[in-house]
Amino acid sequence: MVSVTHSVAAQGDLEHSLQSLGDGLSPADTDRLRRAADFAGSFYGDHLLGSGEGVWGHALGMALIVAGLKLDADSRLAALLFAVPAQQENGLALIEKDFGRSVANLVNGISRLNRVRPITRGFVAHAADSSDKKPQEIKAQIEVLRKMLLAMVEDIRVVLLRLASRTQTLRYYATEPDELRVSVARETLELYSPLANRLGVWELKWELEDLSFRFMHPAIYKDIAQHLDEKRHEREQFISTAVELLKREMAVAGVLDAEIYGRPKHIYSIWNKMRKKDVAFAEVYDVRALRVIVDQVKDCYTALGIVHHIWSPIASEFDDYIANPKGNDYRSLHTAVHCPDGRALEVQIRTREMHGHAELGVAAHWRYKEGSKARPEDRYDEKIAWLRQLLTWRDEAVDSSDWVRHYKQAAFDETIYILTPQGRVVDLPRGATPVDFAYRVHTDIGHRCRGAKVDGALVPLNTQLNTGQRVEIVLAKHGGPSRDWLNASLGYVFTHRSRAKVRQWFASLALEDMLAEGRAVVTREIQRMGYAGTKLDDLSARLGFARSDDLFIAVARASLSMRQLQVAVRGAESADDEEEPSELSVSRQRPSDQAEKGILIVGVDRLLTQLAGCCKPVPPDPILGFVTRGKGVSVHRADCSNFANMQAMNPERVIETSWGARAEGIFAVDIVIDAHDRQGLLRDVSDVLAREKINVIAVNTQSRQGNAHMSFTAEVSSIPQLNRTLSLLHEVVGVVGARRA
């Protein structure tokens, strides 16, 4: 059972506490600690934390834990002064002035982590009660929370200080029960205990787990504790005998400086083993355990041979973590053996260096050394990188190659962690913007993103985000992304995923426009031909399309000619009637020209042609052709000013052209009307066009100082029809002139 002796018990004798705090430090650093203790004791007064614990009591207990980890003087000072910024606005400046920048930076790091505590605790509590999320989704989100907590700090010591603070809080709850302790315990097991495990700080890990388990499952904890207590004397006697026997045998083998002692088994680990293996308490092999500490690696294997010689090994319970270290660099030999009484004994064998790492983990690497020429700060970057790599190690890793893959992706400098308003953590590449964040949360949120608040303040959408920020997206009810987001120089979008989402939006938008355009063309052509009752699905199948949407897209893209569509609609025309050898039947590339035109290119057969949009020729207009680059022959009216310009520049590309014998169908023309503006003018003009069965595909009207100017793009079948329509338009009241453009 873990010891829960309250650190504050040492506070009754402040002098004794200060001596413990100064253990291993120089006189100068010890003096700094005394000054910090005097400052903190008077500064905190009777202030309490949210847990109900006194601030001064928590600070001193936290500092004693840090001293037990043998961290440097700055870490112990930061523990004593951790709450100063929360109680005084210029607290950090005071700390830096009196105790140095390094201490102030550590205290600032603790403050940053404390600001996200309500969020992390709220999420863990929600995850525990959540029934609508899958377990793997909850695990993934908690994993991101762990990463965020470490990514927010620039000094590994801040993480160890946070673990020490949580340990002190649980110790306080052990003596002063509070309704908050269950939620704090749950958060500890989900976030802080795994971090202590990955850092290898077993001393804190075991205490964090046992105290949290005690608060969350008091009945189970008490039952296991009673089982341990009932056999305590017998177990202690057995351990004492086993230690003496093993020492004698190792001395005979020449291993003289071995340290052997019984290893206490922690209640939470016993319960985990019982649950995972589905066994009773009596079947847990390592309730009785020994630890053997030697000088060299070869002595480890010598000791292993002696253990297996004295007792019978259990084959399935041997692990060589020296040859194959764990992901957090834990190294040791683990074995279990059967004893004469039939019960099992677990034995761990390691060197002193391995033991130091196993017990104190990362903390062992920062033991302050007096007289060292290298400053501690010079080594922090290396330690931070190592810590960040460890974070990607997962218990779920199936094999070493999977772990290595995660290991290589562990560059925290390339990842940021952003909070949603609900407390969820989103991981993004460094350089990401609010737009990237919005798309990471949900595609629809990204599409409707119109603004962003970072920590409550409105910011531009191309602002680069940083770890720990809380981002809220301002949404539009409808709409989509801006094309400016695809402009890399503007910096709105950083991730490939977001950029792909924006492109997909515009691609789908173009497809919808194409579908609408093709549907309108097909519907209009069917109505013009007098086959309004045609079923579009049957028509599509007749043309070889699986869906009517595919037909509409083919028509909009001009990959299906109007002649083919007409033949399919009629369903009875022979192939011989479809075209004549003396002329070329052409489908216009633009959907405004749905009927094909017979155009004869003199001296050339089967040449691609298209009617020019600038002058819109209609039979029997005199026409000429101009050979374009890549689009065949562009057919213009002979009096077209654009054609005259092109002819002057490239006379060799002009080709003689005439209307063929089958020049019939629908042609687009521009009609211009000038009139005195009045109410109902547009209606009367539209009535004339409707009576003449002329389809209008575009219209633009302007009215200024009582005069109206109207431009129509209409579809006509011949010049006589156009002339008749212009005559009727002249008769409309108020119309001054009607002409073809």
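Every read-out reported here was derived from the displayed coordinates using simple, explicitly stated rules and does not represent laboratory data. Computed from a predicted structure; not experimentally measured. Cβ: placed from backbone, ideal geometry, glycine included. Neighbour counts: every protein chain shown.
Worth a mention:
- Phi angles of the stretch 489-494 translate, via the Karplus equation with coefficients 6.51, -1.76, 1.60 and θ = phi - 60°, into HN-Hα couplings of 5, 7, x, 6, 10, 10 Hz per residue; Gly and Pro are given as x.
- Rounded to the nearest 20 debye, dipole of the stretch 413-493 from Cβ charges on Lys, Arg, Asp, Glu: 320
- Under 5 Å from the amide H of G431 lie the amide H atoms of L465, each residue being 5 or more positions distant or on a separate chain, with H modelled from the backbone and absent for Pro and chain starts.
- Amide proton proximity set for Y261, modelled H, under 5 Å, gap of 5+: R291
- Applying 0.36 nm per residue to the separation of S703 and Y531 and subtracting their alpha-carbon distance, the gain on full extension is 58.0 nm.
- Phi to ³J(HN,Hα) by Karplus 6.51 cos²θ - 1.76 cosθ + 1.60 over the stretch 90-106, Hz, x for Gly, Pro: 9, x, 5, 5, 4, 5, 5, 5, 8, 10, x, 5, 4, 5, 4, 5, 5
- Dipole of the stretch 495-578, positive end: most advanced residue of Q566, S548, Q527 [Cβ charges, Cα centre]: S548
- At full extension, D320 and E176 could sit 47.6 nm farther apart than now, given 0.36 nm per residue minus the alpha carbon distance.
- Across the stretch 698-713, rounded Karplus estimates of 3J(HN,Hα) from the backbone phi angles (6.51 cos²θ - 1.76 cosθ + 1.60, θ = phi - 60°) give 7, 8, 9, 10, 9, 10, 8, 6, x, 10, 10, 10, 10, 10, 10, 9 Hz, Gly and Pro being marked x.
- Other-chain or far-sequence residues with amide H under 5 Å of V474's (modelled H): R450, G451, A452, K453
- Residue-span extension gain [R115 to E236] - 0.36 nm each, minus C-alpha spacing: 39.0 nm
- Residue list for the stretch 66-86, given a label point 7 angstrom along the Cα-to-Cβ vector of L14 and an amide N cut-off under 20 Å: 66-67, 76-85
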